[in-house]
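Structure first, then comments.
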Amino acid sequence: MSDNPQNSDADAAAPTTPAGPQPEPLRFFGTTWLHHDNGYALRRAGASVGSIVAAVAGCFLLRFAYQGLQIADVGGIVGMLIVVMFAICSAIAFRKTWEGFTTRPADPAREQSLRSLKTIGFVGSLLAYFFRSLTEAPGEKLHRTEYETALTQYERRRGSRTGNPAARKKKPKRK
């Protein structure tokens, strides 16, 4: 124990983190997804509205770009290729983003190589984010299962250790 009274006050005021695994924060939600507290519903509504507004703005941006191609008179085939390219990239981005909410990627290098494709198909990613945020925080189900698995593993390891004094039951003293 310290003789300095300021140190003991600082130690008492310091927040203590519980032992064991900690929940991983989600973008825009932090750790509010765990107990659905601290404005979780409002954040989910904001994520839904924000992602659909961004998707609509992106569609307008693509429309203006397409009109620029028409004004430049580049030809029908180029215009058709641009539309098909954005449609395919958006579909792939939607699927990959949606899969990312439920499972971790099996091959991170492949996900990294698809990054530019997902950037081109940003409208698909935004729509996936919108639809997922209607039911839960995007990625909540994945993080919740990982957190619960880590918690059960921690409890099992902590309870089964023979040298853990916190897990031991006190035996009555024999005289």
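The values are calculated or read from the model by the stated rules, or taken from the named source; none is laboratory data. Keep in mind that this is a model prediction, so the values were computed, not measured. Virtual Cβ from ideal backbone geometry, glycine too; neighbours counted across all protein chains shown. Each accessible area value is taken on the protein alone, full model and side chains, heavy atoms only, with ligands, DNA and RNA left out. Shrake-Rupley method; radii C 1.70, N 1.55, O 1.52, S 1.80 Å.
Of all residues in region 1-60, those satisfying the criterion of being at pLDDT below 90 and in a helix (DSSP H, G or I) are PRO5, GLN6, ASN7, SER8, ASP9, ALA10, ASP11, ALA12, ALA13. For region 28-84, taking the residues that are free of Cβ contacts under 8 Å to residues at least 40 places away in the same chain and charged (D, E, K, R), the one that is least open to solvent (accessible area, probe 1.4 Å) is identified as ASP37.
For ALA128, are the conditions met, namely being of a type in the set (A, V, I, L, M) and within 13 Å of the chain's Cα centre (by Cα)? Yes; evaluated as a whole, the condition is true for this residue.
Of ALA137, ALA128, ALA109, which residue is assigned to a helix (DSSP H, G or I) and crowded, with 18+ Cβ neighbours inside 10 Å? Talk me through it step by step, then tell me what you get.
Working: ALA137 fails: assigned to a helix (DSSP H, G or I); ALA109 fails: crowded, with 18+ Cβ neighbours inside 10 Å.
Only one candidate qualifies: ALA128.
Once region 112-121 is narrowed to residues that are part of a helix (DSSP H, G or I) and open to solvent by less than 60 Å² (accessible area, probe 1.4 Å), the residue that is nearest to MET85 (Cα to Cα) is LEU117.
The set of residues from region 92-106 being part of a helix (DSSP H, G or I) and within 24 Å of PRO25 (Cβ to Cβ) comprises ALA93, LYS96, THR97, TRP98, GLU99, GLY100.
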